[in-house]
1. Can you give the local net charge around residue 190? Use residues other than it whose beta-carbon is closer than 12 angstrom to its beta-carbon, Lys and Arg +1, Asp and Glu -1.
2. Which distance in nm do the two modelled labels at residue 177 and residue 162 give, with both placed 7 Å along the Cα-to-Cβ direction?
3. Once amide H atoms are placed 1.01 Å from N in the peptide plane, what residues at a sequence separation of 5 or more from residue 284, or on another chain, have their amide H within under 5 Å of its amide H?
4. Around residue 215, what is the net charge, scoring Lys/Arg as +1 and Asp/Glu as -1 over all other residues with Cβ under 14 Å from its Cβ?
5. Output needed: percent of Cα pairs per 10 Å distance bin for the stretch 112-256, bins running from 0 to the one holding the longest distance.
6. Name the residue farthest towards the positive end of the dipole of the stretch 222-372 from the options 226, 352, 314, assuming +1 on Cβ of Lys and Arg, -1 on Cβ of Asp and Glu, about the Cα centre.
7. Could you sort out which of 134/394; 256/329; 331/458; 203/256 sit more than 21 Å apart by Cα distance in this structure?
8. Find out how many positive minus negative residues lie around residue 146, taking Lys and Arg as positive, Asp and Glu as negative, among other residues whose Cβ is under 15 Å from that of residue 146.
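A short reminder: the numbers here are calculations on the coordinates, not readings from a lab. Bear in mind the structure is a predicted one, so any value in this text is a computation, not a measurement. Don't worry about glycine lacking a Cβ; one is built from the backbone with ideal geometry, like all the others, and counts go over all protein chains shown.
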Amino acid sequence: MFKVDMPLDELVELTDLDSLVHYLDEKGAVGSSYVEGADSDSSSAFGTSTSTTPSTPPDPEYLNPKQQWQNGTSKSVESEILDLGPHGIQDAFSRIRLDFERHAAQTGATAFWSKVYPDLNHVTTGFVCDAYRKLGCDLSTVKAGEVVPQLTKALPQHKHLLAQLQNILTDSGLLELSGLGANQQLIRTTKSVNSTPTETLCKQFLLQYPAYAPDIKCLQVTAPLLAECLTGQKKPAHLLFGDARNFEILATFYAKSPLLDAACRMLAEFVASLPSFARNNGPLRILEVGAGTGGTTKYIADYLNRQGVEFEYTFTDISQALVNQAKKKFKHHSNMQFRTLNAEGTPPPDMVDRFDLVLSTNCIHATSSIEKATANLLQVIRNNGALCVLEVTKNIYWFDLVFGLLEGWWLMDDDRTHPLAPASFWDRSLRSAGYNDVSWTSGDTEEANTLRLICGFKNERPGFRQVDGVSQPQGRLIKRAGIPVEEVVFKSIDGLDLSADIYFPKEADPPGKKRAVGTYDY
């Protein structure tokens, strides 16, 4: 590109086009030969761009409707528009909506809240206590009943995180709140601070819960330097993205963390089942927003290829550096395109009404407004299509010690008190954004109700209603002996509802499988 080496700690400070031009001018690069969209092989730094540019210009092939792909092999024939029918995508989602526990059993994500999280929280609390001590407040020396001083050395930009650290210490029983409003103070309790070194706690956790190595290793990237990040001595973006080893740890977390892995498997089954609900043949057009390290991309693309699903996949992220990395990572996938895209900006015209499904994994929460971001994405979805986000809907404290150090984590200005919002908030936001139907995955366990797939559909589905402001099917979806059953009202006579039980398979059928239909006369 400009043939200029840009260290990540300098790159992350460039927040708009003017600052980039000024930077390049100082390096003597303005006026250099530049081909827009070309890769820079000399750049090896990872970064998090905060550019508000909606998208880079599309590749010429992207605008060519005669290019069709199937399982990585291109064809020079006209692509038929896939017809999913008015409610096919809703029907497909209903089939997998209660399947989280099945996938959790395969990835080891069961009993996360009852067994794993308490010990993980001990580690998290240990790191917070370490940071307090480094910043001049050793909680082990503060006497019970005394007011805990504020961390005045922390930068103002971390005010939200500081409040969350106080919540962590309060929930751990080390602190308690006293007073109301402006007179509220944090008081030290009688509970002792764990004297075990945090590094030792991490080792003990790894030995007891090896499946959660991706989680604890991700926490260890930033948490030992929490105090230094809060004071500006260390830059969290550089720690996470500027070091190749740490970047790989982050990518492994997104791909292999048991909870995320279970949800991603459920997502893959949902996506792969869509063609079986279609009325014709044609490629499934998928757009991924905030694709980041490409963990979800790889899993979905590989799964679709194994299932023989015909698809076109557009990888997007706000960061050009991550898009460039994806181009290299998926260079052998000829059915994939790569672009920058900001969900908070207006989508480019060539994307409007193009995609059957828009995917986003742990991304949309990091926007100023879920409603505004999803309203923008609604524009790129075809009439029978949907937006499907994979999001954590319950606060997991250790996330804040990693992602809470990044500016994008706290962008929200839409009445959320924390970036991770409950499903009911997503329901209200998506409906306000213009989606006519909203549904999400659920289950009998706390794990199933922590990490969810949340779908906003362009078409309204008959038979659904709102109960207490939450979208619910008219029938009750329950499990009997582990089998999903939906009780639906199919007819009303003089005020009397006639109901029927619909039994669903325990596992979704592979694409194209047909089932016999029988009738019973009496």
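1. Value of the local net charge: +1.
2. Going by the 7 Å Cα→Cβ label model, 1.7 nm.
3. Those qualifying (amide H under 5 Å, at least 5 residues apart or on another chain) are 310, 311, 312.
4. Summing Lys/Arg as +1 and Asp/Glu as -1 gives -1.
5. 11, 37, 36, 14, 2
6. Selected residue: 226.
7. Result: 134/394; 331/458 exceed 21 Å.
8. Its environment carries a net charge of +1.
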